[in-house]
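We did not get these values from a lab; they are worked out from the coordinates using the rules stated. Computed from a predicted model, the values in this text were never measured in an experiment. Neighbour counts are summed over all protein chains in view; Cβ atoms, including those assigned to glycine, are modelled from backbone coordinates with ideal geometry.
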Amino acid sequence: MSRVLIIGCGGVASVAIRKCCQVSEVFSEICIASRTKSKCDELAKKLAPTTDTNITTARVDADNVDEVIALIESYKPELVMNIALPYQDLTIMDACLHCKVNYMDTANYEPEDIDDPEWRKIYDERCKKEGFSAYFDYSWQWAYKERFENAGLTALLGSGFDPGVTQAYCAYALKHQFDTIDTIDILDCNGGDHGYPFATNFNPEINLREVSAPGSYWENGKWVEIPAMSIKREYCFDGVGDKDMYLLHHEEIESLAKNIPNVKKIRFFMTFGQSYLTHMNCLQNVGMLSTAPIMYEGREIVPIQFLKALLPDPASLGPRTKGKTNIGCIFTGTKDGKPKSYYIYNVCDHEECYKEVESQAISYTTGVPAMCGALMLLTGKWNKAGVYTVEEFDPDPYIEALGKYGLPHRESFSPVLVD
Ligand code: NDP
């Protein structure tokens, strides 16, 4: 029996909320809070007749710490699930510390205004020191570690699929399959087709920033950075077939490099179709991905936000998307003195997801792990004070819960390796 505040009511949050309502013996009371309260009300109204979970709603601007504090103080939750945007991670963590409440999210912090000169200075120093230039990194949230430890609170970072389940797969491989892991390739394949020439599967701003940034991977103790989309491989995915995939920077590489002992190489690949890449390059070339405000007919607009208004809402892709996703990790290493390779992954069907929760598989594969991460914290299965990523906890109960609530894993002990 727990009381949980969920901030955000977009594509991913809607799935997580529906899943919480399927586990009402744990999530007995939830409050859905977002900037646009009407969206929370609509979902609450739809779900109320189907669940024993008691659902309330609230309006909150999570960019404002005082508003989040006031909401936490009035609702008194045991846990705050941040499923808004990465821009709100720090304000919500501040509010949780102030109110002494546990915290979790699905993506690591990045600032909304990457052209802000003060942030830019810190960012430029970090690029030089760390050797990768993504706008997001763990340093901001890891800086809260001591404060969460001292307060006896847990902050669980990035409990989506990637980051999230991919890190649990790494912890699981280390616990059950290997004595040492040498290489990790994380492969994220979306074989879904929504019929639009161009649309993003989750928040367009976050998605396009991630994809248009330089790629990087971890090798022999340091980052190797490459121009965006310059390393391409073809892979045949179970349930999907042959797809082109490209090496990207991804946040879990940063924490896995610290937490998987002696790992030599970690890469992340994501599949993209040619139509997506052509549109993205064109939009980037004309400046539509910029976050710097420009004046247009007497008013200030931010190009990427204007683009977001033009693109299909990711939540609207659900009924149109057909096909499957396949996300997982391929490992090489040793067990009992012998070389070994191992692949653990999940295959998820867009249409099946829509039938169950009225959402496509990208939101589903993120929303289910968000609920399962919360379940681990609320049931005390994951219980240590501080700021942690998923691979720092016991993977077994999480992977079991993922299987039970919609994301079972498959394994291969002789996978085709990525060159
Ligand atoms: P959406 O844009 O669909 O939803 C975002 C939600 O956050 C909306 O309800 C929005 O409210 C709310 N929100 C935004 N700003 C604020 C604010 N200042 N205060 C309160 N609420 C706010 O995003 P998604 O559902 O696609 O993504 C949610 C999160 O999941 C993101 O952080 C994303 O990076 C992450 N993600 C993680 C993945 C993983 O595998 N780990 C994969 C995919 C996504 P409103 O509608 O009123 O603006």
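Between Lys265 and Lys322, what is 0.36 nm times their sequence separation minus the Cα-Cα distance? Round to one decimal in nm.
Length difference between fully extended and current span is 17.1 nm.
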Problem - For the range 319-355 and the range 96-142, distance of Cα centres in Å - result: 29
Exercise for the section: Mark the label point 7 Å from the Cα of His409 along Cα→Cβ and return the residues of the range 383-397 whose backbone N is within less than 15 Å of it. Expected result: 390-397
Completion exercise
Extend 7 Å from the Cα of Lys335 along its Cα-to-C-beta direction; within the range 178-195, residues with backbone N under 14 Å of that point are 178-182
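Determine, from the Cβ-Cβ distance of Ala385 and Glu297 and an R0 of 60 Å, the FRET efficiency 1/(1 + (r/R0)^6), rounded to the nearest 0.05.
Working: r = 53 Å, r/R0 = 0.88.
FRET efficiency, Ala385 to Glu297: 0.70.
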Completion exercise
By the C-alpha gyration tensor axes a ≥ b ≥ c (rounded if a/c is under 1.5, else prolate when a/b exceeds b/c, else oblate), the shape of the chain is rounded
Handout entry: Shape of the range 221-363, Cα gyration tensor, a/c cut at 1.5
Key = oblate
Practice task
Take each complete run of DSSP H in the chain, measure how far its Cα atoms stretch along the helix's own axis, and keep only those covering 24 Å or more with mean Kyte-Doolittle hydropathy at least -0.5; list them.
Solution key: 361-378
Handout entry: Spatial separation of Cα centroids for the range 9-24 and the range 158-228, in angstrom
Key = 23
Exercise for the section: For the chain, with a Gaussian network of springs between Cα atoms less than 10 Å apart, report the residue from Val387, Val368, Val15 with the top mean-square fluctuation. Expected result: Val387
Problem - GNM top mover of Cys329, Cys236, Cys372 - the chain, alpha-carbon springs below 10 Å - result: Cys236
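Under a Cβ-Cβ cut-off of 15 Å, what is the net charge of the residues other than Tyr144 that fall near it, where Lys and Arg count +1 and Asp and Glu count -1? Present the calculation step by step, with values, prior to reporting the outcome.
Details: positive: Lys100, Lys145, Arg147, Lys384; negative: Asp89, Asp94, Asp105, Asp137, Glu146, Glu149, Glu392.
In short, -3.
If you stretched the chain out fully between Ile226 and Asp41, how much longer would it get, using 0.36 nm times the residue separation minus the C-alpha to C-alpha distance? All intermediate terms of the calculation are to be shown ahead of the outcome.
On the way: separation 185, 0.36 × 185 = 66.60 nm, distance 4.50 nm.
Extending this stretch completely gives an extra 62.1 nm.
Which percentage, to the nearest 5, of the DSSP beta bridges contained in the chain is antiparallel? Intermediate results must be reported in sequence, preceding the final value.
Working: 45 of 77 bridges.
In the chain, approximately 60 percent of DSSP beta bridges are antiparallel ones.
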Handout entry: Whichever lysines have a C-alpha closer than 28 Å to that of Lys222, once near sequence neighbours (fewer than 8 apart) are set aside
Key = Lys121, Lys128, Lys129, Lys145, Lys175, Lys232, Lys258, Lys264, Lys265, Lys335, Lys338, Lys340
Fill in the blank from the handout: For the range 17-65, the Debye formula with one identical point scatterer on each Cα and no solvent gives log10 I(q)/I(0) at q = 0.22, 0.32 Å⁻¹ as -0.72, -1.15
Exercise for the section: Could you work out how far apart the two model spin labels at Glu356 and Val26 are, taking each label as a point 7 Å from the Cα in the direction of the beta carbon, and quote it in nm? Expected result: 1.5
Practice task
Considering only Pro77, Pro339, Pro369, give the residue with the highest GNM mean-square fluctuation for the chain, with springs between Cα atoms whenever their separation is below 10 Å.
Solution key: Pro339
Fill in the blank from the handout: Length gained if Cys127 through Phe306 is fully extended, taking 0.36 nm per residue and subtracting the Cα-Cα distance, is 61.6 nm
